[in-house]
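A short worksheet on the structure shown next.
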Amino acid sequence: MKKFTLLLFMVASLLASCSNPTFKQEEISIIPKPVSFELKESSFRFESNTSVAILDISAQKAANYLVGKLKMAAGYNLDIETDAAVNGVVFKKVDMEPEAYQLEVTPEQIVITASDESGFFNGVQTIRQLLPSQIESMEKTKADWLVPCCVVEDAPRFSWRGMHMDFSRHFFDVEEVKEFLDYMSLYKLNTYHMHLTDDQGWRIEIKKYPLLTEKGAWRIENNQDTICNERAVENELYTIDPKNYREKDGKKEYGGFFTQEQIKEIITYADERCITVVPEIDMPGHFKAAIDNYLFLSCTGEAGWGRVFSTPACLGKETTYEFMENILAEVVELFPCKYVHIGGDEVRIESWEECPKCQKEIKKHHLADEHELQSHFNRRIEKFLQSKGKQLMGWDEIVEGGLSEGATMMWWRNWVPKAPRIAAENGNDMVITPTAAYYYDYLNDHNPIDRTYAYEPVPDDFTPEQTKHVLGIQANLWSEWIPSFKRLQYQAFPRLIPMAETAWTAKELKDFDDFNARIQHHYSRLDEMGVYYYIPAVKGLDKDIVFVDSVLVELNLAYPHNGAEIYYTLDGTVPTRNALRYTEPIVVSSEGEIKARTYKGEIFNDLITAKIERQSYQEASDYIPGNKGIKKYFLKGKYKSMDDIHVSDSSPYIQADTIQLGQYGEGTDFAIVYKGFLNADKDGIYEFEMKSDGESLLYLGNELVIDKATEERNPYKKYEKVALKKGWHAFTVKYLPSTKPKAIEVRYALQGEKLQGFNTAVCAY
């Protein structure tokens, strides 16, 4: 009998262990990383009769969300009770810091402790991530709905954990917004910034000014649409969503807008997920969609463009202020949030310099210049918003004419590091959202997850008092080249995930290797959610390929990713999964074009293309130079073009160790010429890189290799490849500076090897 009892006990224990298994630490992948996580033996199983109890109304949204997820994915119709359950899920209110939570999971019970609805909701998102990825399914599916037994203590680093979407350049509808809000909630992001107006389209109904949406929400295709259409020929990820077109008076127009009822619907949906929605109504610049239809707003009675930016609203007319305030009066009634963002960036002040009314306004209020005129405008709008119980927010350009005491700044121009310091010293709050890390309209290749993760948003030299003014961080999705929700997903993910960890997790707890291991588990979750995310790009085709007889082309993924494979073509067609699959380096012996992209199931990424060019070797010089270094000719004078720059054997020069701008004195009335011989130590294909701010030329012998003309945001780089025979090769570099001389550098290497500068080790004269 004793043996039989023991056997029953062993069987019962075995069944219990099978029904409530113990998880391994490597199976846990909570993002953002919590303050503390302790894994325990066994697990909690959700079943069709699991109890859910809330002991305070502040837990209602979190309980609703959890029950809703289980109903959708598991088919469970769980009731929410108001009495403490002995078993099941219990939401318990205690005093804690805002948004913080504690989670304790045993085989019998899950207890979520918090002090506010956001804290409870954040706890549910951790449970969501501890459940299998099938919890994200939009239809009933089979899974073991297990949560590992654990103890979690957690609280956010920042109160502002934001994502931004631009609706003006390309539009996204209500259902797409809701889907994006669900992505945000999973990663404990709590602020959704809607960029609703800009030059390219007005996207929110304003009842007092119906033309804003009747006409201002629609456009014939512009240059942004045209570029997307051109890219879509070979890359369908740039296809403009056809549902955002309409036919009007025989014309095809692009656009769309939110009615005020739809805005309320979005806000309600976000609020159920403890997400605050912040509107942005750009003013006084980026206002062309309004000026086009209400011409009295401009300085001249016409809408238009400057060299880069649109002509702003006139700030010398009282009617302008009335118009702005009437718009904002409707906006503040719709959005219950604390802030209203008015943009304030990239304003073309030249029109105000030429406008008598604006100049009169400057004199009337004793303003120093047009920047202060914009600050004067900001203060008037801020005073109006404050009368409505709201606070003004703007991009960091609002610093330039002086910040008012209550304004909150978004720092986006990482090349203007003084802006956050000015704001902090002035006592103004700020949100950190620089292009260097958090502009997700930039390609993933240029702003990858490791760079996003490594970025520290609080400046190193901030004092503890200044740090208090950093509300948090935000990533932005400007939609010039994001013409569909599929492309928006591709640009946002996976970079949204490391940003979310920085926003939540304490700096000292962050570790990229640990994060990178955890994020691997999240791709299956994104798959379940239907997110079209970026997969690693093909490396090896970033520059054109040159060969003499043949060349071995090696392709690689930018980083390892399970299930990702490279497909390529050599005939100029776009590779599909039916194309050649890359398994080993490719021998290429004919000219053409190689195209490649990565596939993972139905997901593919942007197309990578490289031209393949055959060259003949350029023979080495018969001349053997005797002096190490480079001849540098500094020519003073005003040169109109490269054709005016000449040196001869008798021209005075100095010996230089490398090609660099160095000291050039003041002004821009000069040119520099570098001459010498470069030693190619073997026959081969050599790659050359020129970095310059102005007009620059690189000759090898008499052949022009690189011709670089001035462009915006200099300096920039240009590359070319040349087949060289072993030996000394004469070179000439000519440099004509831009209006702001910055750099002239030349580097080289054998094709595929690391570039090095022209220097005395390889150059002579």
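Is it fair to say Asn64 is surrounded by fewer than 19 Cβ atoms within 10 Å (Cβ to Cβ), within 20 Å of Ser185 (Cβ to Cβ) and either touching a residue at least 60 places away in the same chain (Cβ under 8 Å) or more than 32 Å from the chain's Cα centre (by Cα) (or both)?
Yes: the conditions hold for Asn64.
For the range 384-412, which residues satisfy the criterion of being in contact with a Leu (Cβ under 9 Å, 6 or more places away or on another chain) and either in a helix (DSSP H, G or I) or outside the structural domain of Ile281 (by TED's automatic domain parsing) (or both)?
Phe384, Leu385, Gln386, Ile398
Restricting to the range 78-101, and then to whatever is of a type in the set (A, V, I, L, M) and assigned to a strand (DSSP E or B), can you tell me which residue is surrounded by the fewest Cβ atoms within 10 Å (Cβ to Cβ)?
Only one residue fits best here, namely Ile80.
Which of the residues spanning the range 649-663 are among the charged types (D, E, K, R) and loosely packed, with under 15 Cβ neighbours inside 10 Å?
Asp649, the sole residue that qualifies.
Can you give me the ranges of the helices (runs of 4 or more DSSP H) entirely in the range 417-481 with at least 2 residues that are out of contact with any helix residue (DSSP H, G or I) (no Cβ under 8 Å at 6 or more places or on another chain) and aromatic (Phe, Trp, Tyr)?
Ranges flagged: none.
Name the residue, out of Leu443, Leu477, that is surrounded by fewer than 17 Cβ atoms within 10 Å (Cβ to Cβ) and touching a residue at least 40 places away in the same chain (Cβ under 8 Å).
Leu443
For the range 318-340, does any single residue satisfy the condition of being farther than 29 Å from Met165 by Cβ, over 32 Å from the mean Cα position of the chain (by Cα) and of a type outside the set (Asp, Glu)?
yes
Select, from Gly637, Gly601, the only residue that is surrounded by fewer than 16 Cβ atoms within 10 Å (Cβ to Cβ) and outside the structural domain of Glu720 (by TED's automatic domain parsing).
Unique residue meeting the criteria: Gly601.
Would you be able to say whether some residue in the range 354-375 is of a type in the set (A, V, I, L, M), assigned by TED's automatic domain parsing to the domain that holds Thr213, touching a Ser or Thr at 6+ places or on another chain (Cβ under 6 Å) and not in a loop (DSSP other than H, G, I, E, B)?
No: the range 354-375 contains no residue that is of a type in the set (A, V, I, L, M), assigned by TED's automatic domain parsing to the domain that holds Thr213, touching a Ser or Thr at 6+ places or on another chain (Cβ under 6 Å) and not in a loop (DSSP other than H, G, I, E, B).
Condition check ((1) surrounded by fewer than 20 Cβ atoms within 10 Å (Cβ to Cβ); (2) assigned to a strand (DSSP E or B); (3) in contact with a Cys (Cβ under 8 Å, 6 or more places away or on another chain)) across all residues:
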site: Gly665; (1), (2), (3): yes, no, no
site: Asn679; (1), (2), (3): yes, yes, yes
site: Glu689; (1), (2), (3): yes, yes, no
site: Lys718; (1), (2), (3): yes, yes, no
site: Ala730; (1), (2), (3): yes, yes, no
site: Tyr735; (1), (2), (3): no, yes, no
site: Lys740; (1), (2), (3): yes, no, no
site: Tyr748; (1), (2), (3): no, yes, no
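Is it true that some residue in the range 208-225 is out of contact with any helix residue (DSSP H, G or I) (no Cβ under 6 Å at 6 or more places or on another chain), modelled with pLDDT under 95, among the aromatic types (Phe, Trp, Tyr) and buried (at least 18 other Cβ atoms within 10 Å of the Cβ)?
no
Can you pull out the residues in the range 23-48 that are closer than 16 Å to Ala143 by Cα and not charged (D, E, K, R)?
Residues satisfying the conditions are Phe23, Ser43, Phe44, Phe46, Ser48.
From Thr141, Thr113, which residue is more than 25 Å from Val278 (Cβ to Cβ), surrounded by fewer than 17 Cβ atoms within 10 Å (Cβ to Cβ) and among the hydroxyl-bearing types (Ser, Thr, Tyr)?
Thr141
Could you list, in sequence order, the residues of the range 628-656 that are touching a strand residue (DSSP E or B) at 6+ places or on another chain (Cβ under 6 Å), assigned to a loop (DSSP other than H, G, I, E, B) and more than 14 Å from Pro737 (Cα to Cα)?
If the condition is that a residue be touching a strand residue (DSSP E or B) at 6+ places or on another chain (Cβ under 6 Å), assigned to a loop (DSSP other than H, G, I, E, B) and more than 14 Å from Pro737 (Cα to Cα), then Gly629, Val647, Ser651, Tyr653 are the ones that fit.
Can you tell me which residue in the range 235-261 is surrounded by the most Cβ atoms within 10 Å (Cβ to Cβ), limited to those that are assigned to a loop (DSSP other than H, G, I, E, B) and either β-branched (Val, Ile, Thr) or within 25 Å of the chain's Cα centre (by Cα) (or both)?
That would be Phe257.
The values are calculated or read from the model by the stated rules, or taken from the named source; none is laboratory data. None of these values were measured; they are calculated from a predicted model. As a convention, Cβ positions derive from the backbone with ideal geometry for all residues, glycine included, and neighbour counts pool all protein chains shown.
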